[in-house]
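A.B. asks: Structure below; questions to follow.
The values are calculated or read from the model by the stated rules, or taken from the named source; none is laboratory data. Just so it is clear, the structure is predicted and the values come from calculations on it, not from any experiment. FYI the Cβ positions are ideal-geometry reconstructions off the backbone, even for glycines, and counts take in every protein chain you see.
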Amino acid sequence: MEEAAEKIAHLRERLEYYSKKYYIDDAPEISDAEYDRLFYELKALEEEHPELYDPNSPTVRVGGAALDKFEKIVHTYPLKSLADVFSYDEVRDFCARMSKYGDVEYSVECKIDGLSSAIRYEGGSMVYGATRGDGFVGEDVTSNLKTVKSLPLKIPYLGKLEVRGEVFMPKESFAKLNAEREENGEALFANPRNAAAGSLRQLDSKVTASRKLDIFIFNMQYCDKAFETHSETLDFLAKQGFSVIPFCRIAKSADEVIGVIEEIGQKREGLSYDIDGVVIKVNSLSQRVEIGENTNTPKWAVAYKFPPEKKQTKLLDITVQVGRTGVLTPTAELMPVYLAGTKVSRATLHNIDFIRERNIRIGDIVTVQKAGDIIPEIVEAKGTPGLDEFEMPAFCPSCGSPTIKDDESATRCTNIACPAQLLRNLVHFASKDAMDIDGMGPSLAKVLRESGMVKGVADIYYLDKNSIEGLDRMGKKSAQNLINAIEASKSRGLARLLYALGIRNVGEKAAEILSQAYPDIELLFSASEEELCLIDDIGPVTATYIKEFFSHESTRVLVDRLKAVGVLTLAEQGEKLDARFAGLTFVLTGKLPTMTRDEAQGLIKKYGGKTSGSVSKKTDYVLCGEDAGSKLTKARQLGVAVIDEVEFLKMIGEKG
């Protein structure tokens, strides 16, 4: 044990060091492969010795268990917003007001376009992280912030420290994410800020980890160490391992401030992150106190906002692509024009409602700007007379099936066997929460699709070991493991199958509810929308999607093929041994000795209970493990019963 503890501590220290060298100092010392080797060595040791758990281990950066909802955190030090200025005259007015307080230095910094957050450290470790919220109350996103690799989990300073930073998505990560969403037929993020905000507020921190967020620290909210200037605090924070706000200049007059704004503006296009302006702050901390603050904004700082660049060009055509969820996305093909330093020849049009609202027609002159300085977007059209109104295709460009316009303004292909949707359907069908076919990830699914061996999800069950062996990177053992996984997936039960089929609006919970109401999939082929609406948690929109899915001939063919190879299309028998937890709500907190949180939630669900992410008067039990936090405190305040794993196992008749 002593040897393991020493090894784990050493690995944690080295991995934090290498992360800092890579993400903050931009001076990597080891290869990615070597870093991964050390990371997985640490992960294996931690799994072997759960008693050595550390909430700030580098392994938390991959994300943990999903939450039901975010808890609220009241900010000790309010996160106020800044007053905006839009011209150099307003900048001069601000500096004139500040000059009444004597000689003033200004810290002039890039204004990162992201999501503001506060992070608290005590004893050298991260305690919590919260979104700005309304400036006074934010959301607890600690687990998500821990996935941001440039944010230190431990720092040298052992006193109390609270910092404020801007979480953002780098341009490269943003472009990749939107490309994936477009390919999957999902709505695009309008700009990096929206993407960062959506990613940081994911209930599943594994999703946040996959989004490659970053953070710049731009303010010290509190420290039990004294400083004279803002620039001194930034130097101190940099020495603690934080990635502080880049390109920070000291200016002593309005002219110097404007000079820095212009310098930043010239560098703006070449930055790897998005900025939407420049922040101007009084540097002296004592002068800030003298100048004071308004209710929601400090008087000693303003934000100069860059105006968006717009250009006119001709709309040559509108092309339509089919995403993997069947959504038809229109794209504007433009006469190339340079905008914000790059050549723009295409722009997203989102959907037919967007096109109608702006009266966009092929052949017209349109005004283009970059939304968030990243995505080209048409903001208005000239309205040249005599041009035809654009119509979305009545038939899918990929498979020729009829299309429909849904309540979300999207036009969709009605054919679930549409080739354009196949790859995503394969990956979803085989995923862990669906049919759980181990080994069939995106790479193999793509190979199977491109080889022609799999043209629909049912084809998975008609694969044979010999043909799989011939695929790239597949040997005899891998092929046999895949066949075994496919065979095992046949008995997952109706709830998992319904979720795997990818019916719109039918997630895991709705699939389980459906399987209880209709324990044989055949019953769903004759279920009416009215009958479906009588089921708890199935609304009219979802009922329509279910009815449409089971009315399609290709669904009939798919189910028949699945049944022919022995895929279970009935609700699992004995899924609930009893309902002893029926009507009871559990909240889990801390690390349990022998079970993961998912395993505990599974047992609660198995016996008819529910789980929640927050403690309230309606909570019946708080299942508590090591390192329990605010949930335990709140449970005691409200008088909610607190149990440990041993008591929980006794409740279900298992040995503790």
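A.B. asks: Taking only segment 395-449 into account, find how many residues are of a type outside the set (D, E, K, R) and at positive phi. Steps first, answer last, please.
C.D. replies: Residues of segment 395-449 that are of a type outside the set (D, E, K, R), as a first pass: 395-404, 409-411, 413-423, 425-431, 434-435, 437, 439-445, 447-448.
Remaining after also requiring at positive phi: 400, 409, 439.
Of the residues in that region, 3 qualify.
A.B. asks: OK, next. Kindly list the number of the only condition in (1) without any contact (Cβ under 8 Å) to a residue 24 or more places away in the chain; (2) assigned by TED's automatic domain parsing to the domain that holds Phe242; (3) of a type outside the set (S, T, N, Q) that fails for Pro78.
C.D. replies: Tallying (1) without any contact (Cβ under 8 Å) to a residue 24 or more places away in the chain; (2) assigned by TED's automatic domain parsing to the domain that holds Phe242; (3) of a type outside the set (S, T, N, Q), Pro78 fails exactly one: (1).
A.B. asks: Considering every residue within segment 147-160, establish whether at least one is of a type in the set (Val, Ile, Thr), in a strand (DSSP E or B) and assigned by TED's automatic domain parsing to the domain that holds Gln266. Give the derivation first.
C.D. replies: Kept after step one, since they are of a type in the set (Val, Ile, Thr), are these residues of segment 147-160: 147-148, 155.
Next cut, in a strand (DSSP E or B) only: none.
No, segment 147-160 contains no residue that is of a type in the set (Val, Ile, Thr), in a strand (DSSP E or B) and assigned by TED's automatic domain parsing to the domain that holds Gln266.
A.B. asks: Filter segment 473-506 down to residues that are at positive phi and surrounded by 14 or more Cβ atoms within 10 Å (Cβ to Cβ) and give me whichever is farthest from the chain's Cα centre (by Cα).
C.D. replies: This residue is Gly493.
A.B. asks: I would also like to ask the following. In segment 1-53, what residues are in a helix (DSSP H, G or I) and β-branched (Val, Ile, Thr)?
C.D. replies: Scanning segment 1-53 gives a single hit, Ile8.
A.B. asks: Which ranges mark the helices (runs of 4 or more DSSP H) fully within segment 537-654 that have 2 or more residues being within 31 Å of the chain's Cα centre (by Cα)? Lay out the reasoning, then the answer.
C.D. replies: Working: elements: 540-551, 553-564, 597-606, 630-638, 645-651.
Correct list: 540-551, 597-606, 630-638.
A.B. asks: Something else: Could you list all residues from segment 518-538 that are surrounded by fewer than 20 Cβ atoms within 10 Å (Cβ to Cβ) and modelled with pLDDT of 85 or more?
C.D. replies: Narrowing segment 518-538 to residues surrounded by fewer than 20 Cβ atoms within 10 Å (Cβ to Cβ): 519-520, 522-523, 525-531, 533-537.
Residues satisfying the conditions are Pro519, Asp520, Glu522, Leu523, Phe525, Ser526, Ala527, Ser528, Glu529, Glu530, Glu531, Cys533.
A.B. asks: For segment 420-472, give me every one of the helices (runs of 4 or more DSSP H) that falls completely inside it and has 1 or more residues that are within 23 Å of the chain's Cα centre (by Cα).
C.D. replies: Working: elements: 422-430, 442-451, 465-469.
In segment 420-472, 422-430, 442-451 are the helices (runs of 4 or more DSSP H) which contain 1 or more residues that are within 23 Å of the chain's Cα centre (by Cα).
A.B. asks: Name the strands (runs of 3 or more DSSP E) wholly within segment 81-128 that hold at least 1 residues that are under 15 Å from Val257 (Cβ atoms), of a type outside the set (Ser, Thr, Tyr) and over 28 Å from the mean Cα position of the chain (by Cα)? Walk me through it before giving the result.
C.D. replies: Values: elements: 83-85, 106-112, 115-122.
Correct list: 83-85, 106-112.
A.B. asks: Would you be able to tell me the number of residues in segment 217-270 that are aromatic (Phe, Trp, Tyr) and assigned to a loop (DSSP other than H, G, I, E, B)?
C.D. replies: To start, the set of residues in segment 217-270 that are aromatic (Phe, Trp, Tyr) comprises 218, 222, 227, 236, 242, 247.
With assigned to a loop (DSSP other than H, G, I, E, B) added as a condition, the list becomes 227, 242, 247.
Within segment 217-270, residues that are aromatic (Phe, Trp, Tyr) and assigned to a loop (DSSP other than H, G, I, E, B) number 3.
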